[in-house]
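The values are calculated or read from the model by the stated rules, or taken from the named source; none is laboratory data. Keep in mind that this is a model prediction, so the values were computed, not measured. Quick reminder, even Gly has a Cβ in these numbers, built from the backbone with ideal geometry, and neighbours come from all protein chains shown. These area figures cover heavy atoms from the full protein model, side chains too; ligands, DNA and RNA do not enter into them. Shrake-Rupley method; radii C 1.70, N 1.55, O 1.52, S 1.80 Å.
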Amino acid sequence: MCGAAHVVANDIDPMAAVATHMNSELNGLQPPVCLTHNIMGSPPAAFHLILLGDMFYDQSLATSLHSWLNRCMETHGTKVLIGDPGRAQFEEHAIRRLLRPLAQFELPDSVREENYGLSCSGVWSYTPEL
């Protein structure tokens, strides 16, 4: 909807691809390519922008992700935006010091209950030059 010429969605849960296709259809858009294998270990593709949501729930995953994002940025100048509800693994990870806050959103009560009381979620720009 923002004018991207090409979009790739990636989630290891095949139901995420179904939800992505449904969301695209509801918004009158062509569904993106949906990959259901983990692309983090692959060579960095020439993405202009990577959007991540709630990916720092596990320390080893966060470390792998940090390394892959660095390769994408170094190789292709990829811009990275990260959304996270502030889980401990995110707040304590080394990547946190490389982020610039862009926005913060209050979470609905139902989401707070499902996520152990986390009350808000933020969006950050990954800026390793800091």
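At-a-glance table
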quantity	calculated
J(HN,Hα) series, the stretch 2-10, from Karplus relation 6.51 cos²θ - 1.76 cosθ + 1.60, nearest Hz, glycine and proline x	9, x, 5, 6, 8, 10, 10, 9, 9
Accessible surface of the chain, 1.4 Å probe, proportion on carbon and sulfur as whole %	57 percent
Stretchable slack from Met40 to Gln59, in nm (0.36 nm times residue separation minus alpha-carbon distance)	5.4 nm
Cut-off 15 Å, label 7 Å out along Cα→Cβ of Tyr116, residues of the stretch 57-73 by amide N	57-60
Using a Förster distance of 30 Å, the FRET efficiency for Glu25-Ala5 (Cβ separation, nearest 0.05)	0.95
Accessible-area order (highest first, 1.4 angstrom probe) of the listed residues His21, His93	His21, His93
Cα-Cα separations in the stretch 21-80 greater than 16 Å, expressed as whole percent	55 percent
Convex hull volume of the chain per residue (C-alpha atoms, cubic angstrom)	127 Å³
Accessible solvent surface per residue of the chain, calculated while the other protein chains remain in place, 1.4 angstrom probe, Å²	65 Å²
Sequence-separation-based contact order of the chain, relative, with Cα cut under 8 Å and 6+ spacing, percent	20 percent
Helical mean residue ellipticity (222 nm; -39500 (n - 2.57) per DSSP H run of 4+; nearest 500) of the chain	-9500 deg cm²/dmol
Antiparallel DSSP beta bridges within the chain, percent to nearest 5	60 percent
